[in-house]
Structures are given as C-alpha cells and as structure tokens.
Amino acid sequence: MKLTTRILLVLTAWLLPLMVLWATFFCYTLTREINAEVDEALEEYASLIKDRCCEGRQLPALNSGSNNSYTLQPVEEHVARRYLEPMFRDEEVYIPEKGEDEPARVMTVAFQDGEGRYLLLELATPTFEKDDLIETVLWSLVSLFAILIIVVIVVATLSMRRTLQPLYALLKWLDGYIPGSRHVCVPNDTDITELRKLNEAAQSAVDRSEAMFDAQKQFIGNASHELQTPLAVISNRVEHLINYTNPTEQQLEELVKIDHSLRHSIRLNRTLLQLARIDSGEVAASEDVDLVPILEEVVESCNEIYAAKGMKCVVTADEHLYIYVSESLARILILNLVKNAFVHGMEGSVIEVRLGDGMLKVSNVGDKPLDGARLFDRFYTFASHEAGTGTGLGLAIVKSICDHYGYNVRYGYAVQHHTFTVEFN
Amino acid sequence: MKILIIEDEPSLRELIERALVNEGYVVESAADYIAAETKVAGYNYDCILLDIMLPGGSGLDILKRLRDMSRRENVIIISARDSVDDRVAGLELGADDYLPKPFHMSELVARVRSVLRRGKTGGQLTIDMGNISLDPASRIVTIAGSRVELLKKEFDVLLYFMQRPNHLVDKVVLAEAVWGDYADESDNFHFVYAQIKNLRRKLDEAGADIMIRSVYGFGYKLTLSDKE
C-alpha cells in the first residue's frame, strides 16, 4: 500500500463516523428548532380561536387555503382533561384543495368556552417533509465529504510529493542498487532530520553489505585458488596409481571412481574461480564477436553429446549478430544456456533456440515452472536433478556474465515451456 | 633430455619429477627463486617447467633473464594464476606453453613432449607410434605412409591417445578432454563409444599396427597391436 493511500484511508476512517455523528446531530437540532417555531405559531393561532370563541365573536374560516386548518368540537370533560396542556404531533393530513396528503404539524388542545362547555380544538399547519430533509442533509453531507476527501487528496499528494521527495529518491536509488556493483552514494540533500537519518542509515547499511560482499567474494576466490594445487596433487597421485602400480580390476575401479569425484571437485573449483574472476571484472578484452557461428557450434556439439536423449534442437538465427564482448565469455554464456536446456529437457522433446534482434532465446519443454527468483543462485538445483553431475553453477555463471556486461537475462514459463532470454543491449 | 622443474610445492614437484623420470627424462628441480636462478645461470636445459609465484621472486623474472641472455630453452609456465593477463604476459615474454594448475601429469608430459619436438625438429611436429604418424598442426594422419581421412572428433580422440601411449584413459576424462565443457554434465557416453568405434574401424581398414583397447569397461588404452 502506498503511503498516500494509507494516509487517506486513516483520514477516511476518522472522518466518516464523525460526519455521521454530526449529520445525526444536525438533523435532530434542525427538526427541533423548526418544530418549536411551528408550535409557537400554532399556539398563537389557538389562543386567537379560544379568545374569539369565549367572547362569542366570529371564528376564522375553518380552512384558510392550504395553510392552517382547524376543527372545533365539543367533548366530554374527561376527554378534555387529557388535552388541557396542548399536545403536538406530526401527521399526514388530507388537503382537499390539493387532493393529497401533506405532512402537517397538528396541535390538540381542550378548553372551556364562556358557557363552561368543553371544546376540543385541533389545529393543523402544513410543515416540511422530514424524509426530504434527511435526504437533503445526507446528500449535502456526502458531497461535502467528497469535496473534503478530494481536497485532502490533492493537498496531501502535493505536499507529500514535495516533502517526501528525498524518500522517493532513496527508494529509487535502492531499487536500482545491485549488491557488489560499485555505486554512487545514497542521495542525501534534504534538511528534514528524519529523512537525513534514514539516508545515512541506508548508506551505512549499504557500505556494510558491500564490505561483506567483497570479503565473501574474495574468500571464495582465495579458497578456490588455494584448493587448486592440493586437488591437482591428489588427482595426479591417483593417476600415478592407475598407470604405474598394476592395480587389480577392483582397485582400478575404485581409483577411477575417486578420480571422477576429484574431477568433479576440480571442475567445481575452477567454475567458482571463474565466477570470482568475472565478478571482480577480471575478464579478457572485448572484441566484436559474431554469436551465430558460436551458437551453431555449441548446438552441433550438444546434439552429438546428448544424442542418446533423442532431443531435437531447432535454431532460428539471423545471418550475423555482432556484439562487443569477450569471445570466451560469450561462448560460456551460450553454452551454459543451451546445455542447460539439453540436460534438463525431457527425452525426445524439442529445444527452440532463437538468436536475433539483439537477443538470445532458449526454450524447452517443462511440466512446471521453476523458481525464477532462485534459479540464478549458486548451487541451486531443482528436485528432479539432485543426483546430477553438474556443478549447479551454470546459470550463476550466465547471470554473472550478463551482470558484467549489463545484459538483461530473465526466465519465463508459459504454455509448458521454460524460456531463458538474454537481451544484449 | 634434461628438464628443470621450478616449483615450490613439494608434493607437486615430486609428482612432476616422478612422471618425467618415468618417461625417461633427466630431471632436476628448484624450490625457490634463488635456487632456480642459480640452476638456470649454471646449466643448460632442454625444457624448463616454471611456476610463477615462487618464494623470493616471480617466475616471470627468471623467464625475462633467460630471454635477456638469448637462451633457447623451451619454457612451459605452470601456474595456478590462470588469469588471462598472466597467460598473455608469460607468452609475450617468450614462454612456449602455458599450463594452468591443476593439470594432469599425462597432460604435462604430452606438452613437454610436444614442446621438445617442436624445438628439435624446427617445426616438424609429428607424433609417431608404430606405423602411424600424426601431425597436430596440419591435422594429417598417415598409416604406413598413406594418408587416412579422419573426421574432426576422430582426429581429436586419436591425438589424445597418441599423446598418452600405454596410459589408461578413462572415458569420462576423454569426453572432457575432447568435447570440453559440453560433456561435463552428460551421464551417457554413447557419443564417446560412437567415435571410438569409427576410429577403430578406420585404423583397422588402413592396417594400423596400433589399437585402442577397452579396459574393464570404463576406459581405453592405446597400445601396439600384438598380432606379430
């Protein structure tokens, strides 16, 4: 959730109940005030009728247009006693002139005329529609609320965009940050204390992780380097045993197995060293390299070596694709991607390789997508291939080479196909 | 043939000595810069195996001294610093070959042989065994004087065997040597069998008196035929 959205939601959560409360209070007060006014008018009118009635003067017309109307009728004393104090109520009254019911305020009061008779006076005056009032109030509140929110959004967005400019600058910087690649410093040109502190914290975290990253890289490089000689020594002693000591068949078999494991370690070690070199930028000079013949050679060799899997590799390539790169790294890049498809592809399936428009695409059939986030990690192997003889470093090398040259490499899965794409721009 | 080994790792030095003595070379060795300089200054060798990082100095300086003295020794650099710059620097200083550690003794022996042959015959670089002769540079193979046409991979396989006569060659190692990085994740070696089969047929048809023997199902060995 974006910060602005969050702030707006919090504002809404507070404003909404407040508005509802206020609307209720407003309706209530308004109704009471109007009723008070109307009741007062009714009381005045009633006392006029009472006075005239007591003095035996001419009474007003029963119905003055659509306005006030009244009825006057004699009642028993016991009924009258209930209405000695005037009583008010809201009622729908039929207006004959209009031919329809109208909301009205009705006042009922009893009194004694000059001759001591009890009379019940019922006065009615048309009043406002309560529903209409509530509706109007509701609508005006809704629009008020909407206007408020819009104003808040605009003001908040504008002010936040200005105030939080350094925060967004930091976020943008962090997005573009790749560990291990030498970066410019965290931008820090704000005078807001909190944001300054945040930037400083980010800078020191980045510095720390850079230092650790360097140390780790150096350690791997050194370790692989130091391992080379002992590995070579063991391997050569095994070779000596095999060739000069007349071992029995059983011994020979064991020795050959030891040799295989050793070779695997040596290969791993060499690959790690190669990774360390690429990561530290120790790479052969670049030249204009045509990738097409390299790809053709790689595919031909893979076709030969993995012939037993019965896979078919279909290549569609432009006539030439020149990029400025170290030839050996270009070869390793292409080889690892194509070989990966052969090694992990299903038997008898088709591998499609497309080279052109500044990109290389390798896709092969697969039944479920791979973990794209971890695929390029070192030593990441999928469950189906745990027992393989590979180093688990092929794709890590691909990633390192791409990072070194700034190529974009990505993995995608669609319609049962794994696709690796490298963009050379 | 006299060879000087300049290598500070005792275990590795011992192995190299043993491998070269087995091949019938006369071997001397030096463990650090001073010893190496003394040997180089006092004696002539046919071939010098030179490690770059030595206690007391850099192997590249020894190479430089040799060239300054216009000495014609063949030099093979053996170094764990398999970086491009080192390789280029070494070869520019006049080294004949560069072998990155870790290497196999058979590989080293093959390189030594090849370098010595080059020095001796002035460019004529054939490897001979029985009635077969193979020229790595022009990629021509002749058996009993007549030329035999081999495909690229067949030639590479034969070359690998010819450089290691009478050595057991594991099929996995052969695959890695000939097919390089392509083969290191393959667990099926039909492609090796196929090449060996074709190569054997061609050698047989041409009447070669060497043969590629299968050894216990996991390797091969190139030997002279024991027909006679």
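The values are calculated or read from the model by the stated rules, or taken from the named source; none is laboratory data. Just so it is clear, the structure is predicted and the values come from calculations on it, not from any experiment. Here the Cβ is made from the backbone with ideal geometry for all residues, glycine too, and neighbour counts use every protein chain on show. Note: areas computed on protein heavy atoms with side chains; ligands, DNA, RNA excluded. Shrake-Rupley method; radii C 1.70, N 1.55, O 1.52, S 1.80 Å.
Beyond 15 Å, what share of the Cα-Cα pairs of segment A:201-255 remains, rounded to the nearest whole percent?
Here the tail beyond 15 Å accounts for 67 percent of pairs.
Looking at chain B only, what percent of DSSP beta bridges run antiparallel? Nearest 5 please.
Taking every DSSP beta bridge with both residues in chain B, the antiparallel ones total about 55 percent.
Any lysines with Cα under 19 Å of the B:Lys39 Cα? List them, leaving off those in the same chain fewer than 8 positions away.
Straight-line reach from B:Lys39, under 19 Å: B:Lys2, B:Lys64.
Pick out which of A:Glu347, A:Glu97, A:Glu282 has the largest mean-square fluctuation in a Gaussian network model of chain A, springs linking Cα atoms closer than 10 Å.
Of A:Glu347, A:Glu97, A:Glu282, the most mobile in the Gaussian network model is A:Glu97.
Enumerate the calculated ³J(HN,Hα) couplings along segment A:159-166 in order (Karplus 6.51 cos²θ - 1.76 cosθ + 1.60, θ = phi - 60°), each rounded to whole Hz, writing x wherever the residue is Gly or Pro.
Listing the rounded values in order: 5, 5, 4, 6, 5, 8, 3, x Hz.
Taking the Cβ of A:Met160 as the center, what net charge do the other residues with Cβ under 13 Å away carry, scoring Lys and Arg +1 and Asp and Glu -1?
My count for the surroundings of A:Met160 gives +4.
Quote the relative contact order of chain A in percent (integer), defining contacts as alpha-carbon pairs under 8 Å separated by 6+ residues.
9
Could you tell me how many degrees, from 0 to 90 and to the nearest 10, lie between the Cα long axis of helix A:249-279 and the main elongation axis, the longest principal axis, of the Cα atoms of chain A?
60
I'd like the orientation of helix A:193-244 relative to chain A: the angle between its Cα long axis and the longest Cα principal axis, in ° from 0 to 90, rounded to 10.
30
Calculate for chain B the 222 nm mean residue ellipticity that helices alone would give, adding -39,500 (n - 2.57) per DSSP H run of length 4 or more and normalising by residue count, nearest 500 deg cm²/dmol. It would help to have the intermediate numbers written out before the result.
On the way: 8 runs with 95 residues, N = 228.
Here the helix-only value at 222 nm equals -13000 deg cm²/dmol.
Would you mind checking the tilt of helix A:327-344 against the longest principal axis of the Cα atoms of chain A, expressed as 0 to 90 degrees and rounded to 10?
Between the helix axis and the principal axis of chain A, the angle is about 70 degrees.
Straight-line reach from B:Lys202: which aspartates and glutamates have a Cα under 12 Å away, not including same-chain ones fewer than 8 places off?
B:Glu149, B:Glu154
Which length gain, in nm to one decimal place, applies between A:Ile150 and A:Tyr28 when the Cα-Cα distance is subtracted from 0.36 nm times their residue separation? Intermediate values should be presented prior to the final figure.
Values: separation 122, 0.36 × 122 = 43.92 nm, distance 2.80 nm.
Stretched fully, the A:Ile150-A:Tyr28 segment lengthens by 41.1 nm.
Which distance in Å, rounded to a whole number, links the C-alpha centroids of segment A:310-351 and segment A:120-147?
Here the two parts' Cα centres lie 78 Å apart.
For segment B:1-62, just run the numbers: alpha carbon Rg, then divide by 2.2 N^0.38 Å, N being how many residues it has.
Numbers: Rg = 10.9 Å, N = 62, 2.2 N^0.38 = 10.6 Å.
Dividing the Cα radius of gyration by 2.2 N^0.38 Å gives 1.03.
Could you sort A:Arg354, A:Arg117 by accessible area so the largest value comes first, with the probe set to 1.4 Å? Don't skip to the answer; put the middle values down first.
Details: A:Arg354 85, A:Arg117 125 Å².
Sorted by accessible area, descending: A:Arg117, A:Arg354.
Considering only DSSP beta bridges whose two residues both sit in segment B:2-121, what percent are antiparallel, to the nearest 5?
10
Most mobile of B:Glu176, B:Glu73, B:Glu37 per a Gaussian network model of chain B (Cα springs, under 10 Å)?
Maximum fluctuation in the GNM of chain B, among the listed residues, is at B:Glu176.
For segment A:187-266 and segment B:1-35, what is the separation of their C-alpha centers, rounded to whole Å?
About 29 Å separates the Cα centre of segment A:187-266 from the one of segment B:1-35.
My understanding is that a pair violates if its Cα-Cα distance is over 22 Å; which of A:Lys217/A:Lys368; A:Lys309/B:Lys197; B:Lys171/B:Lys221; B:Lys101/B:Lys153; A:Lys312/B:Lys171 do that in this structure?
Pairs exceeding 22 Å: A:Lys217/A:Lys368; B:Lys101/B:Lys153; A:Lys312/B:Lys171.
With every protein chain kept in the model, how would you rank A:Met160, A:Met212, B:Met53 by accessible area, 1.4 Å probe, largest at the top?
Order by accessible area, largest first: A:Met212, B:Met53, A:Met160.
Any idea of A:Asp259's accessible area? Nearest 10 Å², probe 1.4 Å.
10
List the chymotrypsin sites (Phe, Trp or Tyr not before Pro) within segment A:56-108 that fall in a DSSP loop (any state other than H, G, I, E or B) and whose Cβ has at most 10 other Cβ atoms within 10 Å.
Passing both the DSSP loop test and the Cβ count: no residue.
If each residue of separation counts as 0.36 nm, what is the full-extension length gain between A:Asn246 and A:Leu9 once their alpha-carbon separation is subtracted?
Gain on stretching A:Asn246 to A:Leu9: 77.0 nm.
With n ≥ 4 as the cut-off for DSSP H runs, can you work out [θ] at 222 nm for chain A, using -39500 (n - 2.57) per run divided by the number of residues, rounded to the nearest 500? Before the final figure, lay out the partial values.
On the way: 9 runs with 232 residues, N = 425.
Computed ellipticity for chain A at 222 nm equals -19500 deg cm²/dmol.
Pick from B:Asp187, B:Asp32, B:Asp170: which residue has the top mean-square fluctuation in a GNM of chain B where Cα pairs under 10 Å get a spring?
B:Asp187
Determine the sum of side-chain charges near B:Arg72: Lys and Arg each +1, Asp and Glu each -1, restricted to other residues whose C-beta is under 11 angstrom from that of B:Arg72.
-1
Based on Cβ point charges of +1 for Lys and Arg and -1 for Asp and Glu, what charge dipole magnitude is obtained for segment A:3-134 about its Cα centre, in debye rounded to the nearest 20?
On the way: 12 positive and 24 negative charges, 93 e Å.
In debye, rounded to 20, segment A:3-134 gives about 440.
Could you check how many percent of all C-alpha pairs in chain A are farther apart than 28 Å?
Details: 65052 of 90100 pairs.
For chain A, the share of Cα pairs beyond 28 Å comes to 72 percent.
Provide the solvent-accessible area of A:His78, counting protein heavy atoms only and rolling a 1.4 Å probe, rounded to the nearest 10 Å².
Its accessible surface works out to 130 Å², give or take rounding.
Quote the Stokes-Einstein diffusion coefficient, in whole µm² s⁻¹, for segment A:241-326, based on the Kirkwood radius over alpha carbon pairs, a temperature of 25 °C and a viscosity of 0.890 mPa s.
143
Heavy atoms only, probe 1.4 angstrom, no DNA, RNA or ligands counted: give me B:Glu14, A:Glu254, B:Glu28 ranked by accessible area, highest first.
A:Glu254, B:Glu14, B:Glu28
Give the percent of DSSP beta bridges with both residues in the protein assembly as shown that are antiparallel, rounded to the nearest 5.
The antiparallel proportion sits near 75 percent.
For A:Ser140 and A:Met212, what does the FRET efficiency come to when R0 = 51 Å and r is the distance between their Cβ atoms, rounded to the nearest 0.05?
E between A:Ser140 and A:Met212, to the nearest 0.05, is 0.25.
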